[in-house]
Amino acid sequence: MKKFVYADNAATTPLSDTAFEAMKPWLTEFYGNPSSLYRMGRAAKEALNDARTAVGKALGAAEPVNERNDFAPGEIIFTGGGSQADNLAIRGFVHGPTAKGRRHIITSKIEHHAVLYTCEALEKEGFTVTYLDVDSYGRVDLEQLKNALSEDTALVSIMAANNEIGTIQPIAEIAALAHAVGAKFHTDAVQAVGHMPINVQEMGIDMLSLSAHKFRGPRGVGVLYVKKGIALEPLVYGGGQEKGLVSGTENTAGCIGLAAAITDAVEGMDEKMRYVRGLTDRLVEGVMKIPYTHYTGDPVNRLPGTASFVFEAVEGEGLILMLDNLGVCGSTGSACSTGSLDPSHVLMAIGLPHEIAHGSLRLTLGEQNTEEDVDYVIEAVTKVIATLRSMSPVWENGKPNLTAASELHSH
Ligand SMILES: Cc1ncc(COP(=O)(O)O)c(C=O)c1O
């Protein structure tokens, strides 16, 4: 019988009941503008501040500065999602006073486009950007980082975990290297928050981006954590909300939903993630039984729910559409799906041959998935790959010439 299995939790996650219930009153009864002076407005402002406190706690940020639980000015800035947080962090920092006129930025080749395109735009303004290479597991080259750092480096921005292959970076080590030359450290932790332990103080993080919909909060709301003492140039000018950095009437319900979701995600995370990792291991084991299949990403230091593969002689878009017909939602970094000629920049950066990168599949599980789901996905993927290969001229003509598995990582 056809099932429905959502295995694309890195794209977005279903809103949790806790987040939905927390949001409801702020969507219905309490619609006051948080900037209004009367009681309903003040209640919204207070609820927003409580939400800031909850986010600060979940990230291990500094303690609230007063008995009202207000954070130090600017520490938790609500944004319209992860992309806005990344833009505010990078653009806002290098244009702001804390950068002290330094003009160099270091990032990696496998960042999300919210980071990469921001850096490219800054290059057009005359900033210099170093894009660090990664190894075949997707790990940033720390030697190259050390060599690239200089007295002109304003900011190092490296993601905590990659959205396509799940590889986790040594964030604390990178932050320490950045600080050694007086640079600040930003991390795009959009895929990491709620899925792995993050503590901004212990890890030496100066700025951190997160997005609610990756940990069962609502879409369209995120946070930039900014360490006390760092001054940014605003992202949006206007009424002065969010310490003047992101003007616009606050998305009260969204911010409250974010806070409820992050609190939920962080509570009992170890146990939940052990469960999710178990499911992912089962999935990887099953899918790797398909011939000419390669695992992509770091098999050890990876997000618990991420499993990514490439299948030789398969085209990713066909794979996704046929899986959809069997009720399975997954995603691909194939060229067709992204509308460009090249497969995803991440798969290129880890050194996959072009033609193999076209057959990529990312399956990302969450705590709502079950072993039954996983077994169904394995069955569906196995079936679809066999069907696609039976129709593929590459498979028919080239089977003996397909890339030797030893040239790639096969786990
Ligand atoms: C690593 C990473 N950064 C940034 C973003 C952008 O987040 P949002 O869609 O909330 O703007 C995403 C979303 O996929 C992501 O995975």
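Rule-based calculations on the coordinates, nothing more; no lab input. Source: prediction; values computed, not measured. We place every Cβ from the backbone using ideal geometry, glycine too, and count neighbours over all the protein chains shown.
Some observations on this one:
- Alpha-carbon spread of the stretch 269-399, three principal axes, descending order, Å: 46, 30, 25
- Cβ-defined net charge surrounding G318, 15 Å radius [Lys, Arg +1; Asp, Glu -1]: -3
- Long-range HN-HN contacts of G240 with modeled amide H, under 5 Å: S247, G248
- Residue-span extension gain [R42 to A180] - 0.36 nm each, minus C-alpha spacing: 45.3 nm
- Linear extension gain, M391 paired with D324, 0.36 nm per residue minus alpha-carbon span: 22.3 nm
- Rg to Rh quotient for the chain, alpha carbon positions, Kirkwood Rh: 0.99
- Membrane-span-like helices in the chain (whole DSSP H runs, Cα extent of at least 24 Å along the helix axis, mean Kyte-Doolittle hydropathy of at least 0.0): 371-390.
- Cα gyration tensor, the stretch 69-182 - rounded (a/c under 1.5), prolate or oblate: rounded
- Near Y117, once Lys and Arg are set to +1 and Asp and Glu to -1 for all other residues with Cβ below 12 Å from its Cβ, the sum equals -2.
- Note that the stretch 147-155 has calculated 3J(HN,Hα) couplings of 5, 7, 5, 8, 5, 8, 6, 8, 8 Hz, one per residue in order, obtained from phi through the Karplus relation 6.51 cos²θ - 1.76 cosθ + 1.60 (θ = phi - 60°); glycine and proline are x.
- With K and R counted +1 and D and E -1, the other residues having a Cβ less than 14 Å from that of V346 yield a net charge of -3.
- For K146, a cut-off of 13 angstrom between C-alpha atoms picks up these aspartates and glutamates, skipping any fewer than 8 places away in its own chain: D133, E173.
- Protection proxy ranking, peptides 268-276, 366-374, average beta carbon neighbours within 10 Å, highest first: 366-374, 268-276
- Extending 7 Å from Cα along the Cβ direction at Q144 and again at E173 yields two label points whose distance is 1.5 nm.
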